[in-house]
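Everything below concerns the one structure shown next.
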Amino acid sequence: MSPLSIAHKYRWNHGVPRHEEVVLKVPHKVIHECLRCLSGQKDQVAELLEQTSEKLALPITTGWVRSWKKTLLVGNGFVCLQTTNARLTDEELRLLYCFLAKSIGNLNQRYGAFFDVKDYGLDHTKSAIPISKTRACSGFHTDSSAKHYSPEVVGLMCLQPASEGGDSLLANAANLYAWLDKHHRDCLQALSRPTKRDVITPGTTQTTDEICRNEFPIIAFPNEQLHFRYMRYWITTAYQKLQISLPAGLHAAMDCIDQYLANREHIFARALSRGEMLFLNNRYLCHSRTAFTDGPDPLPKRTFVRTWIDSVSSLPNRPSRSRVPRAVSAPVTARQPRDFQESGSCR
Ligand SMILES: [Fe+2]
């Protein structure tokens, strides 16, 4: 199969998806099932996050996730789940997000299964820290700059929107590839050659040797699948640290990518509200976040919770009936979510 034919499998065929196509309301019965597991015990969500997805599977939640999970692997490649009318606490939202994410696949622990994305007052232009710890515009990118790890799906839950800005943006690399093939075919060779990336994962050695070894293509087609791994900022800093110039044609090729991504007609944009959860394919979609401003103290700061999900296609869809989530089997005080009556309907 030619690269272009492979890319066609993943394209947004009718342009950027409309919000009504990708926004799903989390059913009350799903919220109800998940929140029944909330014990109120300290660190409960942290403990649940360490359990395997199979152990945690809840039948109603898993069944509902199964009804749309395929759209994360092909087609639109993302969903936005809404819980905004349920007025849940932070702890309840984290628990719900935990069960939904684990119904999609296995959570990667590299940064902890949940990683709070907020402005820590840091500056990524002064040290090699993830842009997710700043308030800057992230620029379009795919997550993880590590050669041997690229999450299949990225989850982002909004606990607190910014006072201003901080919109989530998505673009489809399959559409980008078709556009490049049509208008800038000469760029494709540079994008398919291994390209060095900076080493920014906490706990890794950030030596020039490590940066030199940390190289892989921006566009590849392993196993007849499109794999786009773009992060211009960390590509540029890698070559700066190595004090070598970019490979021939790479600068122009990345300019072409950025030209495509600068066109709002190619971009899905959404300002996530509190309780909204975005799950997106990290292999053929890239994402960005606009710069944001937080309100003055003591107003709450923009807080998103990120998770990286793997084994999305291989995880069994149907939970085994014999497996009961520990949170339910443990002697905990099962409780009703505040905004739901016994029937699960909203008050
Ligand atoms: Fe990201």
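A short reminder: the numbers here are calculations on the coordinates, not readings from a lab. All values reported here derive from a predicted model rather than from experimental measurement. So basically every Cβ, Gly included, is an ideal-geometry build from the backbone, and we count neighbours across all protein chains shown.
Some points to look at:
- Residue-count net charge about GLU210 - beta-carbon cut-off 15 Å; Lys, Arg +1, Asp, Glu -1: +2
- Taking chymotrypsin sites (Phe, Trp or Tyr not before Pro) across the stretch 144-216, the ones in a DSSP loop with at most 16 further Cβ atoms lying within 10 angstrom of their Cβ are TYR149.
- Peptides 155-161, 294-300, 58-64 ranked from most to least packed give 155-161, 58-64, 294-300, packing being the mean of other C-beta atoms within 10 angstrom over each peptide's residues.
- Which listed pairs, of LYS69/LYS182; LYS70/LYS147; LYS25/LYS196; LYS29/LYS118; LYS9/LYS147, have C-alpha distances above 29 Å, in listed order: LYS69/LYS182; LYS25/LYS196; LYS29/LYS118
- Relative to the Cα centre, the charge distribution of the chain, modelled as +1 at Lys and Arg Cβ and -1 at Asp and Glu Cβ, gives a dipole magnitude of about 700 debye.
- Centroid-to-centroid, using Cα positions, the stretch 123-141 and the stretch 164-227 are 17 Å apart.
- Adding -39500 (n - 2.57) for every DSSP H run of four residues or longer, then dividing by how many residues the chain holds, sets the calculated 222 nm ellipticity at -8500 deg cm²/dmol.
- Of the trypsin sites (Lys or Arg not before Pro) found in the stretch 1-62, the ones in coil according to DSSP and having at most 12 other Cβ atoms within 10 Å of their Cβ are ARG18, LYS42.
- Residue among SER67, GLY139, HIS266 farthest towards the positive dipole end of the stretch 3-329, charges placed on Cβ: SER67
- Between the stretch 5-42 and the stretch 243-283, the Cα center-to-center distance that results, in Å: 22
- The stretch 3-329, relative contact order [Cα under 8 Å, separation at least 6], %: 34
- Rg/Rg_globular for the stretch 3-329, with Rg_globular taken as 2.2 N^0.38 Å and Rg from C-alpha atoms: 1.00
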